[in-house]
Amino acid sequence: MASQVLVAANRGPLSYSLAADGTLGARRGGGGLVSGLSAALAEQPEALWICAALSDADREAVRRGVAEPGVRMLDIDPTVYDDAYNGIANSVLWFTHHHLYEIPREPVFDAEFRRRWASYVEYNRAFAQALAEEAAQGACVLVQDYHLALVPGALRELRPDLRIGHFTHTPWASREFLQMLPDDIRSELVWGMLGADVVGFHTWAWADAFMSAAHLDDARGVAEPAFPAGTGGERYISKAPSGPVRHKRTDVAVYALGVDGDELRALAHRPEVDDKLAELRAEVGDCKTIVRVDRTELSKNVLRGLLAYRELLTVHPEWHGRVVHLASAYPSRQDLKVYRDYTDSVRELAAAVNAEFGTEDWQPVLVSVKDDFARSLAAYRMADVALVNPVRDGMNLVAKEIPVVSEAGCALVLSTGAGAYGELREDALTVNPYDVTETAEALHAALSMPVGERAERTKRLAAAATALPPSQWFTAQLSDLRP
């Protein structure tokens, strides 16, 4: 049966495992996007989620015709998928939008890049074709993230009757970084996005950067400003790169994703979290805690955070034996060497801080370089200070989650590079993500903050964090798509 509401995302709401006897088992997929969309789609019982088969077990499930209600997995050729996901989405688009290139050496756009780009195009077209097949007349389609930036344009060509939205969970690159892309590739990227009726971002900073990109490509015939859309940003008449005007308009809008406070607190008080909390308290003792929870993602700035903690202990020796840094660093994208090297550097720097300052009865850093959600929630609960210092981040929900869960209230040290900065800056201690000294002094101020002030700030931070929980975030986009 054709669906009236469809979601497209690289990762699906479930994944499969293959037992030794050939039996397939399904379990809920991981990641914040999955959690948020799963909660929102629970209120849309006839919705369909289209995603990629990520593992051999997923692909086997597709081949056997195993289907969970409301989910369609696409068995994309593994080589094509790897080129699209690792070769382009994570090695080019992610680096471009997060400004992560080591400029003297990268990027390099050669024949190998264009081969991988062709796979990215193929991967996006597979999603567009599946959406076109499954969507009812006039259905609403919400496409998620930079992995699928070309889907709106491709889908518009196949099904002009559909209402299409695209939401980008990352930042959008500045004009300087976007201009690094070859002209034809950049135009194709913007053209694909402008196939949507509504293009959404977490903040106006990222929306403005996208609008700048659309103006940039005006000269190439890809987009031209049409007319203002009030609080909805700007609209554009999109054009095919070859010249014909399509006579459709694209709204640029902002939907600042928040957290579901009730659900998060319930998760944080499960028995397995209580057990982790007891373990951490035994390790930490009476010390204050500085908590961070990140993937070992280059943009998260984990290394400078550790350097700032080391400087705190150097400049303010009064904190020796009185504070512990609880760092959860989930391994990320370990199939890419640069990420493996970064993860190793996190381990090495944490060990160096412990070697320099640790004593028989005090370990300054307790770092967990593994995916342990229960430990992270336990750390949230006992956080006195939350350290969130990305160099550039679409939103960063950790900055919103810790104040909601912290039991005694926490002081938030937040960098200007986080998307959450705009919403939380009034009650956070804000820092330049590159300034290690400023971050160290902010940690000192946070640790020294009076209990009453910390509690009041935490209350306001939690209110801001829960202003647009996932179900409302999704519903707002859906409402804006419907005529």
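Within the group Glu348, Glu318, Glu356, which residue is more than 28 Å from the chain's Cα centre (by Cα), over 19 Å from Ser448 (Cβ atoms) and open to solvent by 10 Å² or more (accessible area, probe 1.4 Å)? Result: Glu356 is the single residue among Glu348, Glu318, Glu356 that is more than 28 Å from the chain's Cα centre (by Cα), over 19 Å from Ser448 (Cβ atoms) and open to solvent by 10 Å² or more (accessible area, probe 1.4 Å). Within the range 141-179, which residues are in contact with a Gly (Cβ under 6 Å, 6 or more places away or on another chain) and assigned to a helix (DSSP H, G or I)? Matches in the range 141-179: Pro152, Gly153, Arg156. Screening Phe109 with (1) assigned to a loop (DSSP other than H, G, I, E, B); (2) of a type outside the set (D, E, K, R); (3) over 29 Å from Ala213 (Cα atoms); (4) open to solvent by less than 70 Å² (accessible area, probe 1.4 Å) gives one miss only, at (3). Look at Gly261 and say whether it is under 25 Å from the mean Cα position of the chain (by Cα) and over 20 Å from Ser345 (Cβ atoms). Yes.
Of the strands (runs of 3 or more DSSP E) lying entirely inside the range 1-59, the ones with 2 or more residues being modelled with pLDDT under 90 are found at 14-18, 24-28. Surrounded by 23 or more Cβ atoms within 10 Å (Cβ to Cβ), more than 16 Å from Thr250 (Cβ to Cβ), touching a strand residue (DSSP E or B) at 6+ places or on another chain (Cβ under 7 Å) and touching a residue at least 12 places away in the same chain (Cβ under 8 Å), is that true of Phe127? So Phe127 passes the test. Checked against (1) open to solvent by 30 Å² or more (accessible area, probe 1.4 Å); (2) over 18 Å from Glu279 (Cα atoms); (3) aliphatic (A, V, I, L, M), Val367 passes all but condition (2).
Only residues that are closer than 12 Å to Leu74 by Cα and small (Gly, Ala, Ser) were counted across the range 115-135, and they come to 3. Residues that are without any contact (Cβ under 8 Å) to a residue 24 or more places away in the chain and either closer than 23 Å to Leu267 by Cα or not in a helix (DSSP H, G or I) (or both) do not occur anywhere in the range 376-394.
The values are calculated or read from the model by the stated rules, or taken from the named source; none is laboratory data. Keep in mind that this is a model prediction, so the values were computed, not measured. As a convention, Cβ positions derive from the backbone with ideal geometry for all residues, glycine included, and neighbour counts pool all protein chains shown. We work out accessible area using only protein heavy atoms, side chains counted, and drop any ligands, DNA or RNA first. Shrake-Rupley method; radii C 1.70, N 1.55, O 1.52, S 1.80 Å.
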